[in-house]
Structures are given as structure tokens and as C-alpha cells.
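**Q** My structure is below; once you've seen it, I'll send some questions.
Coordinate-derived values only; no laboratory data. Quantities reported herein were computed from a predicted structural model and do not represent experimental measurements. Every residue, glycine as well, gets a Cβ built from its backbone with ideal geometry; the counts of neighbours run over all protein chains shown.
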């Protein structure tokens, strides 16, 4: 199978490289290694091979996709390793689970994101079933002004010891978050509203959100939620089994 794919790839590259060179401003035009007659013969060979066995093209595409996925995974692992404690032990980051856990799950999320909201019980189940997991939250308000208000609210509530409770309030209530919604939640949680307002306007909270967004950019995170566990990046909503498998893998490394 691999020999067949390699032969086909070599033929396709041989045909494509001269054309690519002529369309590039940085690569000087190269003469084709094949005559026009030879090129036509190669095209016929490829066409005949694909006609006889269409799975060749499918296998070639799958091989290319696997190679691209591995390249992206390698880039993610390198980025995660380069960030180090900025990801897992940045002072002041909100946490849940076991503070001394042997595996840290870093969650990038937006309080208004519907997929992040769906993951609330999933991560909660992980923490219930695995007392050795530590969770670090990275708020990244990417879905508009309401997300920014909600993110500032949860970080302000953290100063009154209520980060997790405010986070749950913001993520289980209306997605149309504004100051009235935050004020009502603060009242239910028994928080000092005047202090909440002052803290929400504190530039250091905005600076933390900006830093979180920079980290997400450095990891090429395209949306929320996204999870970093060990050296693995999991984009999007995932299952409890997926989380458990990656946690188990992180423990082996």
C-alpha cells in the first residue's frame, strides 16, 4: 500500500513541480524532467490506476491528512512546552479540583459559548470521578460585549471567594449577559455589588483577560472550549471518555 502511494505521489509531484515553479515569484522556472510525450504517458498511467482502483486516491488523501494532523499536533506540543507555567501555574488563575493534583487540565472558555456550557457537567463529572485532577480556568471573552461583561464578573467575584459560583451562574443562566444580569446574580450569591463594580473596572482584570487571549493565540486556539492536558490540545466539546483517556496518557508521561 505504502509503495503504491509513494509511486503515485512521485508521479504527481513530477508533473506538478514545473508548474509550481513557474507560478512562484521566489523560485526560478525549472525545466521539466519529462518530455510532453512522457508527461502524457504518466497522466494516462495515473488515470488508469485511479480507474482500476479508486481507493488509491482515498488512501493518498488520508495519508496527507494524517501527515498534516501530525504536523499540527507537533506544533501544539511545542507551543505548550514553551509556555510552561504560564499555562498551568500562573499566579491568580482560578482553579477547581485538587490543588495538588498530578494532572492539570487547562480550560479556555467563554461564559456565553453554548459548547462551553454543555461541557460544565462533563468536567464536573471528571472531577468527581478523578480526585487527582486539577483544573485551571482561562477566561477568553470572544463572543462580544456580553462575554466581556461575564468574564470580568467571574474574575471580580473571585476576589470575594466566589469565582466558581459566579461562573456557574453566568453559564447556566441567560446568554444575554449584561450588568443587570450580573447584579442579580451577585445578589443571589450574597456578594458586595459596589465592590463588584469596582473590581470589574480594575485594569488588572482586563490585563488578565488580554493575557489569556494571547495564550490562546500562541496555541492557535480557534474557538471555545479548548483544553490543554499534559502536552495535548483538545479543541471543542469532547466526551468524558476523551478527557479521561488524555488524562491517563498525561500520567504515563
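**Q** In nm, what is the difference between 0.36 nm times the number of residues separating residue 249 and residue 198 and their Cα-Cα distance?
**A** Result for the pair: 14.1 nm of gain on full extension.
**Q** Ok, one more. Rank by packing, highest mean first: peptides 214-226, 91-103, with packing defined as the count of other Cβ atoms within 10 Å averaged across residues.
**A** Going from most to least packed, we get 214-226, 91-103.
**Q** While we're looking at this one, here's another question. On the first, second and third principal axes, largest extent first, how far apart are the outermost C-alpha atoms of segment 204-253 in Å?
**A** Extents along the principal axes, in whole Å: 36, 22, 18.
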